[in-house]
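Written out below as structure tokens is the structure these notes cover.
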């Protein structure tokens, strides 16, 4: 029984885990030690860096670039057409160590900065700088990544 589709032109790194009912399109490059959750769709010409974790039900459109050590939460949607339906597509860029929360939506052509966090349910319509936390509709900068890490540590130790 076939549960996944992985293109013959995809390049898959070492120690990659791809869960059930996942689609990996043409010319996708996946780095080492990547996990991709069930029911995720990775379209064509996508690059995913090492040590990245993508939860289930995520859509990654063509031409997207995802860095190393990135986390993408369940049901996040990256889009590829800033003005649908147009004849020109633009992937999303997520730089190293960024975190994308569950059910976040990111507009095509947007870049998420290195180490930045997009809160769950946020809608990102413009580029996000490095090392900040954004949330809301549309997403706005709320505080620094350093403050986020302190809050996370406090939560984990409580």
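The values are calculated or read from the model by the stated rules, or taken from the named source; none is laboratory data. Because the structure is a prediction, the values reported are computed rather than measured. No Cβ is skipped: glycine too gets one built from the backbone with ideal geometry, and neighbour counts run over all protein chains shown.
Residue-by-condition table, conditions (1) modelled with pLDDT of 95 or more; (2) touching a strand residue (DSSP E or B) at 6+ places or on another chain (Cβ under 8 Å); (3) surrounded by fewer than 19 Cβ atoms within 10 Å (Cβ to Cβ); (4) not in a strand (DSSP E or B):
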| residue | (1), (2), (3), (4) |
| --- | --- |
| 89 | no, no, yes, yes |
| 97 | yes, no, no, yes |
| 130 | yes, no, yes, yes |
| 134 | yes, yes, no, no |
| 137 | yes, yes, yes, yes |
| 143 | yes, yes, yes, no |
| 147 | yes, yes, yes, yes |
| 150 | yes, no, yes, yes |
| 153 | yes, no, yes, yes |
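Among the residues of this structure, residue 63 counts as one that is within 22 Å of residue 12 (Cβ to Cβ) and either modelled with pLDDT under 95 or surrounded by fewer than 23 Cβ atoms within 10 Å (Cβ to Cβ) (or both). Condition first: crowded, with 18+ Cβ neighbours inside 10 Å, free of Cβ contacts under 8 Å to residues at least 24 places away in the same chain and under 18 Å from residue 93 (Cβ atoms). Now tell me which residues in segment 13-40 satisfy that. Answer for segment 13-40, where residues must be crowded, with 18+ Cβ neighbours inside 10 Å, free of Cβ contacts under 8 Å to residues at least 24 places away in the same chain and under 18 Å from residue 93 (Cβ atoms): 28, 30, 34.
Do the conditions hold for residue 50, that is, is it modelled with pLDDT of 95 or more, part of a loop (DSSP other than H, G, I, E, B) and either over 30 Å from residue 15 (Cβ atoms) or over 11 Å from the mean Cα position of the chain (by Cα) (or both)?
Considered against the rule, which asks whether it is modelled with pLDDT of 95 or more, part of a loop (DSSP other than H, G, I, E, B) and either over 30 Å from residue 15 (Cβ atoms) or over 11 Å from the mean Cα position of the chain (by Cα) (or both), residue 50 comes out as yes.
Can you pull out the residues in segment 74-87 that are at negative phi and assigned to a loop (DSSP other than H, G, I, E, B)?
Keep residues of segment 74-87 that are at negative phi, which gives 74, 76-87.
Passing the criteria: 74, 76, 79, 80, 81, 82, 83, 84, 85, 86, 87.
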